[in-house]
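**Student:** The structure that follows is given in the form of structure tokens.
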Amino acid sequence: MEPIPSSRFRGTWKYVRAAVFITVFLAVFAFAALGGFILFAKMAGAPPVAVPQTTLFYADDGSKIGESDHGQKRYWIRLDDISPHAIEATIAVEDRKFYSHHGFDFKRIAAAVIANVRAMAKVEGASTITQQYARNLFLTHEKTWSRKIQEALYTIRLETNYSKDKILEGYLNTIYYGHGAYGIEAAARYYFGKHASELTLSEAAMLAGIPKGPYYYSPFVNEQRAKARQKIVLLSMAEAGYISRQEAEQAYRAKLVYVRHHEREQPIAPYFQDVVKQQLRTKLGLDERTIELGGLRVYTTLDPRLQRIAEEQIARIINPNSAIQAALVAMDPRTGEVKALIGGRNYQESPFNRAVQAERQPGSTFKPFLYYAAIEQGFTPSTQLRSELTTFTFDDGRARYTPHNYNDYYANGPITLAQALAVSDNVFAVKTLQFIGADKLVDTAKTLGITSKLKAVPSLALGTSPVRVIDMVAAYSTIANYGKRNDPVFIKKVVDSAGNVIYEHQPASRQVLDRDAAFVTAHLMTGMFDPKLNGYTTVTGQSIADDITRPYAGKSGTTKTDSWMIGFAPQLVAGVWTGYDRGEPLDRFDEKQYAKQIWVHFMEEGLADEPKRSFKPTKGVIGVDIDPQNGKLATDACPVKRKTYYLIGTEPTDYCTDHLEKKKKKKEDGKSWFEKWFPWF
């Protein structure tokens with residue numbers, strides 16, 4: 001007879017069955033929950049991995065000239081561009097089973113729980129690299145259950161939709177290494193002044209130890225603590241089989257050479273970079289966050305050598321104790337590319353960009369626009385008008401205007417247009433404006449790219465309406481390019497953080513002036529350096545003529561408060577403005593010469609390695625030798641001749657006779673008494 005089970009046994013068996021049932025139920029529930037999580041991750045798709053990254057700016061030679069800076073440095077690089085030492089050190093110290101788990105290391109979690117319970121404090125973490133990446137990429141670091149659940153969901157999404165290498169790449173590009181450096185590339189540059197691909201074992205181990213406590217383990221804060229942490233990383237690498245104990249010891253003893261950040265690096269061409277950022281906003285339509293944190297690669301037109309020369313010449317020529325400000329713009333007239341730009345003498349003291357923001361009176365630098373318009377209307381370099389003190393009436397006789405020449409010098413007789421431009425005769429300019437009309441000059445200036453408001457009054461001929469330096473240089477560039485206009489170009493190409501080209505400049509030059517008339521104007525502008533055109537006073541470029549070694553065309557301009565010099569060779573056009581911000585008068589002679597001196601030395605040094613090119617005549621012009629005093633065809637009797645260009649059909653046909661009697665008398669004076677008495681011999 002079988003024994004009857006006791007009631008105690010029956011009760012125990014009931015609990016066992018219940019426990020088994022609950023366990024199976026929980027297992028099924030857990031499996032279903034896990035399946036649900038995976039299904040959710042698949043349905044949700046790959047989460048975006050874009051993070052704030054530093055935008056970099058490059059010069060036209062590929063060198064870096066600047067980067068966005070909001071206290072953080074971020075660069076995204078491929079895993080293949082990271083030193084294997086840095087990858088192995090990170091895995092060894094942060095997550096050795098990274099390539100074998102699926103986002104969570106349950107054994108490590110259990111061990112961490114036990115260790116923390118024993119210590120009654122959090123002494124050990126269990127987050128995997130994927131969990132840390134999810135936390136850094138998407139979430140705040142608040143310690144709540146909601147955040148923990150979100151982190152788990154993001155972790156599953158990352159593991160489900162991305163490869164391990166892609167996750168590791170993202171982690172290494174986003175982890176914080178202290179001092180505003182996010183990512184291994186930023187850390188390598190900040191601490192060691194090199195790329196992440198160049199890190200040695202010792203350097204990589206030092207960096208891998210920092211994220212555990214970016215301030216606490218920074219070698220710049222406490223090198224002893226940082227070295228102790230480096231040793232832990234190296235030993236972890238040895239335990240993981242990446243290196244030997246001997247290699248770990250050698251790496252620990254290796255001397256580390258850090259980049260010392262005693263003072264902030266001065267930006268290159270900060271005024272230029274400001275213009276580039278403004279164009280990213282207005283021309284490309286990018287928002288501020290994308291510009292500053294979008295990881296863009298912006299390739300600009302800046303020539304670092306020309307920029308350096310410009311800065312050096314301004315610093316050398318202007319008295320360091322002077323409050324005078326300066327602006328300079330240099331362009332390639334063939335492309336419109338801006339090669340150098342200075343908006344002031346000290347960006348830190350005044351970021352106001354005088355090259356593109358300020359409007360100042362251009363003075364006589366406005367006259368080439370006037371004379372181009374006049375040539376279109378039938379004037380020629382030989383056109384004569386009287387230069388004498390003259391009072392003009394305008395506005396139907398209700399207003400009067402009396403222009404004055406520099407130092408009140410007047411020819412008190414007829415002079416040619418070529419002479420008037422060379423010596424900057426103001427009376428001739430206003431008379432010319434009367435012939436062509438002020439509206440015609442306004443239209444010409446606008447066609448050339450002047451964006452400021454211009455008053456159609458007689459004094460406009462003398463540059464009394466304020467304009468911008470960048471506009472004036474662009475206008476001169478159009479004349480230098482024989483009437484083909486290229487708007488100023490600052491950006492060649494923009495590449496986003498994923499390597500996609502989102503903008504590339506396409507040349508869009510257009511012929512806005514008559515090509516032949518533009519050449520005649522450009523050649524007339526060489527006269528400011530030519531003493532042959534010295535009629536009743538010196539040409540305006542005489543003070544810098546001895547410094548010139550190649551053909552230039554240009555024009556200077558001086559008002560009571562502004563000094564300008566703009567000119568060009570076939571390869572380069574540059575404009576310089578100097579003056580006081582508050583419009584104080586330029587009283588001293590040397591102050592009025594600053595713009596010319598800066599310009600000539602910038603051009604000479606900037607073009608030192610370039611061939612000396614002259615201005616090539618266009619097909620519709622003809623060059624003839626004239627007597628510069630009267631604009632007529634020169635003869636052998638003329639003591640001075642100058643080759644001058646005209647639109648075909650407008651060249652002079654009369655020969656100069658002013659010197660024939662003098663030549664005849666000189667010839668007679670050279671005869672012997674016998675020849676004078678018996679000329680038939």
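**Student:** How much length is gained if the chain between Ala315 and Arg260 is pulled fully straight, taking 0.36 nm per residue apart and subtracting their Cα-Cα distance, in nm to one decimal?
**Tutor:** So the extension gain works out to 17.0 nm.
**Student:** Under 5 Å between amide hydrogens, which residues at least 5 positions from Ser350 or on another chain qualify, with H placed 1.01 Å from N in the peptide plane?
**Tutor:** When sequence neighbours closer than 5 places are left aside, there are no close amide H contacts.
**Student:** Hey, got a sec? Which chymotrypsin sites (Phe, Trp or Tyr not before Pro) in the range 347-391 land in a DSSP loop and have at most 16 other Cβ atoms within 10 Å?
**Tutor:** Phe352
**Student:** Computing the accessible area with a 1.4 Å probe over protein heavy atoms, can you report the carbon and sulfur percentage for the range 312-451?
**Tutor:** Working: 2510 of 5610 Å².
Carbon with sulfur: 45 percent of the solvent-accessible area.
**Student:** Any idea what the alpha-carbon Rg over 2.2 N^0.38 Å comes to for the range 404-557? Numbers along the way, then the final one.
**Tutor:** Details: Rg = 18.8 Å, N = 154, 2.2 N^0.38 = 14.9 Å.
With N residues counted in the range 404-557, Rg over 2.2 N^0.38 Å equals 1.26.
**Student:** Evaluate E = 1/(1 + (r/R0)^6) for Gln511 and Lys560, where r is the Cβ-Cβ distance and R0 equals 22 Å; express this FRET efficiency to the nearest 0.05.
**Tutor:** Working from the Cβ atoms, E equals 0.05.
**Student:** With a ≥ b ≥ c taken as the square roots of the eigenvalues of the C-alpha gyration tensor of the range 542-601, please select rounded if a/c is under 1.5 and otherwise prolate if a/b is larger than b/c or oblate if it is not?
**Tutor:** prolate
**Student:** To continue, here is another question. Rg and Dmax of the range 484-564, Cα atoms, in Å?
**Tutor:** When restricted to the Cα atoms of the range 484-564, Rg and Dmax are 20.0, 66 Å.
**Student:** Can I ask one more? Can you tell me what percent of all Cα-Cα pairs in the range 218-366 are more than 23 Å apart?
**Tutor:** Values: 6601 of 11026 pairs.
Across the range 218-366, Cα pairs with separations above 23 Å total 60 percent.
**Student:** How would Glu203, Glu584 rank on accessible area, largest to smallest, probe 1.4 Å?
**Tutor:** Details: Glu203 20, Glu584 75 Å².
Output order, biggest surface exposure first: Glu584, Glu203.
**Student:** Then there's this: Taking a 25 Å limit on the Cα-Cα distance, which of the listed pairs Lys277/Lys484; Lys164/Lys212; Lys492/Lys612 fall beyond it? Don't skip to the end; give the middle numbers.
**Tutor:** Values: Lys277/Lys484 27 Å; Lys164/Lys212 22 Å; Lys492/Lys612 27 Å.
Violating the 25 Å limit, Cα to Cα: Lys277/Lys484; Lys492/Lys612.
**Student:** For Tyr133, Tyr252, give me the order by solvent-accessible area with a 1.4 Å probe, most accessible first, ignoring ligands, DNA and RNA.
**Tutor:** Tyr252, Tyr133
**Student:** Give the accessible surface of the range 303-373 per residue, rounded to a whole number of Å², with probe radius 1.4 Å and ligands, DNA and RNA excluded.
**Tutor:** Per-residue value: 35 Å².
**Student:** Filter the trypsin sites (Lys or Arg not before Pro) in the range 598-655 down to the DSSP loop ones having no more than 15 other Cβ atoms within 10 Å, then list what survives.
**Tutor:** Values: sites: Lys612, Arg613, Lys619, Lys632, Lys641, Arg642, Lys643; in loops: Lys612, Arg613, Lys619, Lys641.
Answer in residue order: Lys612, Arg613, Lys619.
**Student:** If you don't mind, there's one more thing I want to ask. Under the definition of Cα pairs under 8 Å and six or more residues apart, what whole-number percent is the relative contact order of the range 427-502?
**Tutor:** Here the relative contact order equals 24 percent.
**Student:** Please work out how much length the chain gains when fully extended from Thr549 to Ala323, using 0.36 nm per residue of separation minus the C-alpha to C-alpha distance, in nm with one decimal.
**Tutor:** Details: separation 226, 0.36 × 226 = 81.36 nm, distance 3.16 nm.
78.2 nm is the gain from fully extending Thr549 to Ala323.
**Student:** Could you work out the relative contact order of the range 168-288, using alpha carbon pairs under 8 angstrom and six or more residues apart, expressed as a whole percent?
**Tutor:** It rounds to 18 percent for the range 168-288.
**Student:** Please report, in cubic angstrom per residue, the volume enclosed by the convex hull of the alpha-carbon atoms of the range 305-367.
**Tutor:** For the range 305-367, the hull spanned by Cα atoms encloses 118 Å³ per residue.
The values are calculated or read from the model by the stated rules, or taken from the named source; none is laboratory data. If you're wondering where the values come from, they're calculated on a predicted model, not measured in any experiment. Heads up, the Cβs are rebuilt from the backbone with ideal geometry, glycines too, and the neighbour counts pull from every protein chain shown. What goes into the accessible areas is simple: the full protein's heavy atoms, side chains included, and nothing from ligands, DNA or RNA. Shrake-Rupley method; radii C 1.70, N 1.55, O 1.52, S 1.80 Å.
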